[in-house]
Amino acid sequence: MKPLEGIVVLEFAQFMAGPSAGLRLADLGARVIKIERPVHGEAGRQIALKNLFLDGSSLVFHTVNRNKESYAADLKNPEDLECVRQLIAKADVMTHNFRPGVMEKIGLDYEKVKAINPKMIYATVTGYGTEGAWVKKPGQDLLVQSMSGFVNLTGNKNDDPVPVGAAVSDIITGSHLAQGILASIYKRTKTNQGAWVEVSLLESTLDLQFEVLTTYLNDGNQKPIRAEKGNANPYLGAPYGVYKTKDSYLSLAMGNILNMGKVLGCAPIASYIDSDSWFTKKDEIMAILSDFLIHKETQEWLDILEPAGIWASAVFNYDDLLNHEGYKVLQMDQKLKLLSGEEVHTLRCPIRMDDERIFAPKPAPRVGQHTADIRKEFNL
């Protein structure tokens, strides 16, 4: 039995942040019912990476909506809205990421929902909170990465701001939303009352940077300065970074420069005796290492570094990763067959329960695929 079996979640959320929270709840056993507009469904069905679509919806939609059901309802239609209210009365959790004011206009804001179901966990995602100058600004991953300062941590010293090439703001926000929901479900077992969980893309992305922001706040507000070359974290000293080798790249994490010099046989860095210089003169040290490491292949360096207990790794591309035994033993892959006969090759839930991997039993639904069955089951 999965831990969330018996929990019913109504997902009004669209795109990535809210649905990724629903994905995790569904993987853990919750019954997640997407409330979608008829015909076209949620807007995320049309947001695609590389213009990849399967069974009429984007591949991205399929990756984040497995294990869910779809109930089609026009929330501007009084009859449909009344059916949704009846569902709310029988559910445990509802999520949405509409802009502030939208659910109030529909009549499904927290206070209205609480009156229908006092035990409801009402969970919302916004871009920048519910008040202030940015309330109406689009809550989109790239915009939030840019506004949060996150883009100033990646890349090298003379590079322009560099966004991370994945939806990190969306995914971390979805994780925070799921955490808040789980905490509220636990609280409800003691109080028999629901709760209102709120997260925003901006606050979650700031929290993702709590290490570097705390450093900034406690170090005279000095801006992070990225390394000249090979930067991996602007607040960590040498050797922390990525280096080109004879055939590829090598990553070096935190380490004692003097010890590393001995292990590698790199005499020039032995002069940096003061550990403070490993940060204040990191560009000098990293430049020496760069000139030194280029003369051997990555695996040759790993054969020297790893037995000595120095934290290092190769830099993999997806082909390297997916064909490596270290990846294969994790059994992260899963394939889900769609009604169209097409197949989605994706990843499983990363959580294990009682040493069991969690795989999805069903793919993402078509728009309204389960409407009739849900109406019959809940007597709507």
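Looking at 151, 135, can you tell me which residue is β-branched (Val, Ile, Thr) and either in a helix (DSSP H, G or I) or touching a His at 6+ places or on another chain (Cβ under 7 Å) (or both)? Walk me through it before giving the result.
Values: 135 fails: either in a helix (DSSP H, G or I) or touching a His at 6+ places or on another chain (Cβ under 7 Å) (or both).
Result of the check over 151, 135: 151.
Mind telling me which of the residues 115, 183, 133 ends up being surrounded by fewer than 18 Cβ atoms within 10 Å (Cβ to Cβ), over 18 Å from the mean Cα position of the chain (by Cα), closer than 22 Å to residue 4 by Cβ and not basic (Lys, Arg)?
On the way: 115 fails: closer than 22 Å to residue 4 by Cβ; 133 fails: closer than 22 Å to residue 4 by Cβ.
That would be 183, the only listed residue that is surrounded by fewer than 18 Cβ atoms within 10 Å (Cβ to Cβ), over 18 Å from the mean Cα position of the chain (by Cα), closer than 22 Å to residue 4 by Cβ and not basic (Lys, Arg).
Residue by residue through the range 152-174, note down the ones that are aliphatic (A, V, I, L, M), within 16 Å of the chain's Cα centre (by Cα) and crowded, with 16+ Cβ neighbours inside 10 Å. Break it down stepwise before answering.
The first filter runs over the range 152-174 and keeps only residues aliphatic (A, V, I, L, M), leaving 153, 162, 164, 166-168, 171-172.
Next, from what is left, pick out any that are within 16 Å of the chain's Cα centre (by Cα): 164, 166-168, 171-172.
Answer for the range 152-174, where residues must be aliphatic (A, V, I, L, M), within 16 Å of the chain's Cα centre (by Cα) and crowded, with 16+ Cβ neighbours inside 10 Å: 167, 168, 171, 172.
Would you call residue 26 out of contact with any helix residue (DSSP H, G or I) (no Cβ under 8 Å at 6 or more places or on another chain), closer than 23 Å to residue 351 by Cα, hydrophobic (A, V, I, L, M, F, W, C) and surrounded by 22 or more Cβ atoms within 10 Å (Cβ to Cβ)? Write out each step before concluding.
Values: out of contact with any helix residue (DSSP H, G or I) (no Cβ under 8 Å at 6 or more places or on another chain): yes; closer than 23 Å to residue 351 by Cα: yes; hydrophobic (A, V, I, L, M, F, W, C): yes; surrounded by 22 or more Cβ atoms within 10 Å (Cβ to Cβ): yes.
So residue 26 fits the description; yes.
May I ask you to list the residues in the range 35-64 that are in a strand (DSSP E or B), farther than 20 Å from residue 110 by Cβ and either hydroxyl-bearing (Ser, Thr, Tyr) or in contact with a Leu (Cβ under 9 Å, 6 or more places away or on another chain) (or both)? Break it down into steps so the answer makes sense when it comes.
Within the range 35-64, the subset in a strand (DSSP E or B) is 35-36, 53-54, 57-58.
Those still in the list that are farther than 20 Å from residue 110 by Cβ too: 36, 53-54, 57-58.
The answer is 53, 54, 57, 58.
Does the range 81-96 contain at least one residue that is of a type in the set (Lys, Arg), over 25 Å from the mean Cα position of the chain (by Cα), over 17 Å from residue 197 (Cα atoms) and assigned to a loop (DSSP other than H, G, I, E, B)? Before the answer, list the steps.
Initially, the range 81-96 is screened for residues of a type in the set (Lys, Arg), giving 85, 90.
Within this subset, residues satisfying the condition of being over 25 Å from the mean Cα position of the chain (by Cα) are 85, 90.
Among the residues that remain, those that are also over 17 Å from residue 197 (Cα atoms) are: 85, 90.
Then drop every residue that is not assigned to a loop (DSSP other than H, G, I, E, B), which leaves none.
No: the range 81-96 contains no residue that is of a type in the set (Lys, Arg), over 25 Å from the mean Cα position of the chain (by Cα), over 17 Å from residue 197 (Cα atoms) and assigned to a loop (DSSP other than H, G, I, E, B).
Note down all Cβ pairs under 6 Å where the first residue falls in the range 205-225 and is closer than 28 Å to residue 175 by Cα, the second is modelled with pLDDT under 95 and hydroxyl-bearing (Ser, Thr, Tyr), and they're at least six residues apart or on different chains.
Hits for this filter: 212/235; 215/235.
Residue-wise test of (1) under 30 Å from residue 97 (Cα atoms); (2) out of contact with any Lys or Arg (no Cβ under 6 Å at 6 or more places or on another chain).
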| residue | (1), (2) |
| --- | --- |
| 156 | no, no |
| 164 | yes, yes |
| 168 | yes, yes |
| 196 | yes, yes |
| 211 | yes, yes |
| 214 | yes, yes |
| 220 | no, yes |
| 226 | no, no |
| 247 | no, yes |
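Mind counting the residues in the range 14-46 that are within 14 Å of the chain's Cα centre (by Cα) and farther than 17 Å from residue 362 by Cβ?
The total comes to 6.
Restricting to the range 68-86, name every residue that is crowded, with 20+ Cβ neighbours inside 10 Å and touching a Gly at 6+ places or on another chain (Cβ under 9 Å).
68, 70, 71, 72, 73, listed by residue number.
Determine whether the range 73-87 contains at least one residue that is under 29 Å from residue 185 (Cα atoms), touching a Ser or Thr at 6+ places or on another chain (Cβ under 9 Å), modelled with pLDDT of 95 or more and of a type in the set (Val, Ile, Thr). Quick ask: steps written out before the conclusion?
Of the range 73-87, the ones under 29 Å from residue 185 (Cα atoms) are 73-75, 80-87.
Subsequent filtering for residues that are touching a Ser or Thr at 6+ places or on another chain (Cβ under 9 Å) retains 73.
Keeping just the survivors that are modelled with pLDDT of 95 or more gives 73.
Next, from what is left, pick out any that are of a type in the set (Val, Ile, Thr): none.
The answer is no, given that none of the residues of the range 73-87 is under 29 Å from residue 185 (Cα atoms), touching a Ser or Thr at 6+ places or on another chain (Cβ under 9 Å), modelled with pLDDT of 95 or more and of a type in the set (Val, Ile, Thr).
Within the bounds of the range 306-327, is there any residue that is of a type in the set (Ser, Thr, Tyr), touching a Ser or Thr at 6+ places or on another chain (Cβ under 7 Å) and surrounded by fewer than 17 Cβ atoms within 10 Å (Cβ to Cβ)? First the steps, then the outcome.
From the range 306-327, those of a type in the set (Ser, Thr, Tyr) are 313, 318, 327; that's our starting set.
Then keep just the ones that are touching a Ser or Thr at 6+ places or on another chain (Cβ under 7 Å); that gives 313.
Narrowing the set further to residues that are surrounded by fewer than 17 Cβ atoms within 10 Å (Cβ to Cβ) leaves 313.
Yes.
Looking at 316, 279, can you tell me which residue is within 30 Å of residue 349 (Cβ to Cβ), of a type in the set (Phe, Trp, Tyr) and free of Cβ contacts under 8 Å to residues at least 60 places away in the same chain?
On the way: 279 fails: within 30 Å of residue 349 (Cβ to Cβ).
The unique qualifying residue is 316.
Go through the range 186-204 and report how many residues are of a type in the set (A, V, I, L, M, F, W, C), within 19 Å of residue 88 (Cα to Cα) and crowded, with 19+ Cβ neighbours inside 10 Å. Explain how you work it out, then say what you get.
From the range 186-204, those of a type in the set (A, V, I, L, M, F, W, C) are 195-197, 199, 201-202; that's our starting set.
Subset that is within 19 Å of residue 88 (Cα to Cα): 195-197.
Adding the requirement that they be crowded, with 19+ Cβ neighbours inside 10 Å leaves 195, 197.
Here the count works out to 2.
Of the residues that make up the range 218-229, is at least one crowded, with 16+ Cβ neighbours inside 10 Å and aliphatic (A, V, I, L, M)?
Checked the range 218-229: at least one residue is crowded, with 16+ Cβ neighbours inside 10 Å and aliphatic (A, V, I, L, M).
Restricting to the range 241-261, give me the number of residues that are buried (at least 18 other Cβ atoms within 10 Å of the Cβ) and without any contact (Cβ under 8 Å) to a residue 40 or more places away in the chain.
Total satisfying the criteria: 2.
Those residues that are assigned to a strand (DSSP E or B) and over 20 Å from residue 162 (Cβ atoms), I need them from the range 220-251; list them, please. Working first, answer last.
Taking the range 220-251 first, the residues assigned to a strand (DSSP E or B) are 241-244, 249-251.
Scanning the range 220-251 gives a single hit, 250.
The values are calculated or read from the model by the stated rules, or taken from the named source; none is laboratory data. Everything numeric in this text was worked out from a predicted model, so none of it was measured. So basically every Cβ, Gly included, is an ideal-geometry build from the backbone, and we count neighbours across all protein chains shown.
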